[in-house]
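K.L.:
Sharing a structure here in structure tokens format.
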Amino acid sequence: MNPSVKKKRVIHQYREGQFTCKTDEVVEEFPLTVMVNGEEFVTLVCSPDHLKELVIGFLASEGVIRFENEIKRFTIDESMGFAYVDLIHSSGFQSSDFTRRVIGSCCGKGRHFYFLQDVKTAKTAIDQINISAETCMHLMKCLQEESQLFQHTGGVHNAGLCDTEKLFITRTDIGRHNALDKIYGYCLLHRIPLRDKILVFSGRISSEVLLKAAKLGVSIVISKSAPTELALKMAEELNITTVGFVRGESFNIYTHHQRITE
């Protein structure tokens, strides 16, 4: 766990009728401005780790790139909070197609191309994957066991990528969308195929989370929390199985239940 993602602070805690002074740990919030071909593209508010994965995953998710090898040059100046990306085919990128914006940790994007760009990059899931109910619960348990930063601070979201048997990569961030982009970036950098993978997630399955999953190309999204109605409508159309409230020995299947077996 990267020590820079959290800091210690002295706090005053009220418990059982009295105040006590103690040391607590809080998460860092780090603004990272992404420059594409010399132009300011976006500022991401994130946890300051796995930043290259975050930027590459975000650019792929937004349709700016499809593969990591489309990037000619990539540098990060962590001291100043800037990432510099130069594309090989710079003529294919027009900053005017995108709205310059700040994306905060609470996921409010306020972008103008919410559906246009998403339709271009979302993938309809394939049917060639099935897992047992027991595997659903096992994968969620594995994610929770890996969530050390959350256990220390309670201030982050956790996401994991799995196959039908095991969890093999996890990422943590103050922003739920950032955690997913870090996973996407990792997979692009390591050329990991995604169409047969499962996404396990600690937070609510919002429409944005569902779209991120569709852009990765996963068929199943598993969460310990609830989905939204818009997310479920999208999941129905994109052929994605959504599983929520995975807690203990129970869970709910909301869409495309055929992929989860007894």
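The values are calculated or read from the model by the stated rules, or taken from the named source; none is laboratory data. From a predicted model like this one, the values you see are computed outputs, not experimental measurements. Positions of Cβ are generated from backbone atoms using ideal geometry, with glycine treated the same way; all protein chains shown enter the neighbour counts.
K.L.:
Phe93 - would you say it is crowded, with 17+ Cβ neighbours inside 10 Å, at pLDDT 95 or above and on the phi < 0 side of the Ramachandran plot?
P.N.:
No, not satisfied.
K.L.:
Report the residue count in the range 1-31 for those that are within 29 Å of Val42 (Cα to Cα) and modelled with pLDDT of 90 or more.
P.N.:
Residues flagged as within 29 Å of Val42 (Cα to Cα) and modelled with pLDDT of 90 or more within the range 1-31 amount to 3.
K.L.:
Examine the range 233-248 for a residue that is in contact with a Phe, Trp or Tyr (Cβ under 7 Å, 6 or more places away or on another chain) and over 16 Å from Ala125 (Cβ atoms), and state whether such a residue exists.
P.N.:
yes
K.L.:
So which pairs qualify, if the first residue must be in the range 48-74 and on the phi < 0 side of the Ramachandran plot, the second must be polar (S, T, N, Q), the Cβ gap must be under 7 Å, and the two must be at least 6 apart or on different chains?
P.N.:
Pro48/Ser4; Asp49/Asn2; Asp49/Ser4; Leu54/Asn178; Ser61/Thr121; Glu62/Gln117
K.L.:
State which residue is nearest to the chain's Cα centre (by Cα) when the search covers only the range 172-190 and only residues that are modelled with pLDDT under 95 and among the charged types (D, E, K, R).
P.N.:
Arg176
K.L.:
Now, a different point. If Arg73 meets every condition in (1) within 19 Å of Gly185 (Cα to Cα); (2) surrounded by 11 or more Cβ atoms within 10 Å (Cβ to Cβ) apart from one, which number is that one?
P.N.:
It is condition (2) that Arg73 fails.
K.L.:
Considering only the range 74-83, I want to know if a residue exists there that is at pLDDT 95 or above and within 22 Å of Pro193 (Cβ to Cβ).
P.N.:
no
K.L.:
Taking the condition of being modelled with pLDDT of 90 or more, hydrophobic (A, V, I, L, M, F, W, C) and touching a strand residue (DSSP E or B) at 6+ places or on another chain (Cβ under 6 Å), how many residues in the range 141-171 meet it?
P.N.:
7
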